[in-house]
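Just below is one structure, and these are the notes that go with it.
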2 protein chains.
Amino acid sequence: MNASPRRKELTRLAAQLFVQEGFDRTTVRMLAQEMGIKSGSLFHHFKDKQEILAAVIEEGTQNALMIARKALDQCAADPEARLRAMARAHLETLFTDRNAHVVALFEWRRLDPTASAHLSHLRDAYEALWVAVIDDALEAGLIHGDRFLVSRFVLGALNWTVRWYDPSGPRSPDELADELVAMIMPNAV
Amino acid sequence: MNASPRRKELTRLAAQLFVQEGFDRTTVRMLAQEMGIKSGSLFHHFKDKQEILAAVIEEGTQNALMIARKALDQCAADPEARLRAMARAHLETLFTDRNAHVVALFEWRRLDPTASAHLSHLRDAYEALWVAVIDDALEAGLIHGDRFLVSRFVLGALNWTVRWYDPSGPRSPDELADELVAMIMPNAV
DNA sequence: GTCTATAGATGGATAGAC
DNA sequence: GTCTATCCATCTATAGAC
């Protein structure tokens, strides 16, 4: 839709608040203050609060998709390397880029049905990327199990890091990703 | 605290609504209606909405702890069997017993600091159970990695099932748990 | 594009009768 | 222990001036 630089910046600030407080507890007054305007002015940029959430989630999922594609493009065809690259990319969008992807994952249910339907193809595209990479690893015999189950377990393990991992701690997001891959692929290096 | 049968029943109903709607979107009027009383009467049983959440989360964590302990008591000392038992117990409290444990996991951040501090020992006891079981599997050489990382990855994979798994589908929670254990322990049966 | 002002709705919680 | 009635805070969203 509308993707003015101004709106992009406002979306970025909204994402930050949504992660800190959760969507429901974030008021339009809080959003406006963070953006340096009054709450009434906010509705010049967004139709309503729902549209802000939709913008954040679209941004976050789009971003995750782009980062993952770039990561896959830059690495070899080796299934293990590709799996590692996906895990790293996922954590990068959660902790380095920050916020918007976290909102997409944890506040998806707060989208109204229309917005959810409109954005689901983005989420599906991202998950399809994962299933393809998992598939390759399965065919190469690196891991075993059902493609969808493995994908969802791995994504669950990665997503839940938001609840406990401190990116300013001793371990980098990349190391974290590598540890997860090592856990499910014990025969590799 | 107070654990009258009446309060237990109200807590159970509250858990159901909190899972369906989320804590923030659940109003005291909705809670009262589900309980068959008027909203004013609710405050005879609970000091405020926060106390309802605390009751649900205490119930959910307590329950997870009990189920897990019982499961461990009933199985052999074999590390693989114990890990499988823990995974099964975890999914059992999420999908069979239902609701209260889901609230404990997904709405913990909504607890006020006092309640959170008061309940954290329960959550810690449950996680300690996990770390101990993971530890045994590590020492037995069944899996590899850091004890805390493995625990959190596994718990993350299990917790995230709430977002996608349909317990009324073809796969039972026990089968799901077994698939996860197989994923990280590929050399076992 | 931002402001002030406020409408209109809904939320948590209380008081006091029964 | 439940009811009715209601207070009061707060929230989303709108209207119209600048």
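Some points to look at:
- Taking every alpha-carbon pair within the stretch A:56-184, the share separated by more than 18 Å comes to 52 percent.
- Taking Lys and Arg as +1 and Asp and Glu as -1, the other residues whose beta-carbon sits under 12 Å from that of residue A:46 total +2.
- With contributions of -39500 (n - 2.57) from each DSSP H run of at least four residues, the per-residue ellipticity at 222 nm computed over chain A stands at -22500 deg cm²/dmol.
- With a 10 Å cut-off around each Cβ of A:43-50, the average count of Cβ atoms from other chains is 0.
- For residue B:145, the shell of other residues with beta-carbons less than 13 Å away shows a net charge of -3, using +1 for Lys and Arg and -1 for Asp and Glu.
- Across B:12, B:25, B:123, mean-square fluctuation computed from a Gaussian network of chain B (C-alpha pairs under 10 Å connected) peaks at B:25.
- The order of A:106, A:46 by accessible area, most exposed first and with a 1.4 Å probe, is A:106, A:46.
- B:110, B:171, ranked by accessible area, largest first (probe 1.4 Å): B:171, B:110
- Normalised by 2.2 N^0.38 Å, where N counts its residues, the alpha-carbon radius of gyration of the protein assembly as shown equals 1.03.
- Residue mean of other protein chain beta carbons inside 10 Å, A:158-165: 5
- Spatial offset of the stretch B:142-158 relative to the stretch B:49-80 amounts to 19 Å, using the alpha carbon center of each.
- Residues A:92, A:51, ordered by accessible area of protein heavy atoms at a 1.4 angstrom probe radius and largest first, appear as A:92, A:51.
- Residues in the protein assembly as shown average 48 Å² of solvent-accessible surface per residue, probe 1.4 Å, ligands and nucleic acids excluded.
- Average other protein chain Cβ within 10 Å of Cβ, residues A:19-25: 3
- The solvent-accessible area of residue B:151, taken with every protein chain present and a 1.4 Å probe, is close to 10 Å².
- FRET efficiency, 1/(1 + (r/R0)^6) with R0 35 Å, evaluated for residue A:124 and residue A:6 via beta carbons: 0.70
- Pairwise burial A:B, computed as accessible area of each alone minus the pair, summed, 1.4 Å, Å²: 3100
- Distances between copies at residue A:114, taken between label points 7 Å from Cα along the C-beta direction, are 4.3 nm in increasing order.
- In the stretch A:9-117, Rg over Rh equals 1.07, where Rg is the alpha-carbon radius of gyration and Rh the Kirkwood radius from pairwise Cα distances.
- Checked against a 23 Å cut-off, the cross-linked pairs B:8/B:70; A:47/A:70; A:49/B:38; B:8/B:38 give Cα-Cα distances beyond that limit for A:47/A:70; A:49/B:38.
The values are calculated or read from the model by the stated rules, or taken from the named source; none is laboratory data. The structure presented is a predicted model; accordingly, all values stated were derived computationally and were not measured. Cβ: placed from backbone, ideal geometry, glycine included. Neighbour counts: every protein chain shown. Accessible surface is based on the protein model in full, side chains and every heavy atom, while ligands, DNA and RNA are left aside. Shrake-Rupley method; radii C 1.70, N 1.55, O 1.52, S 1.80 Å.
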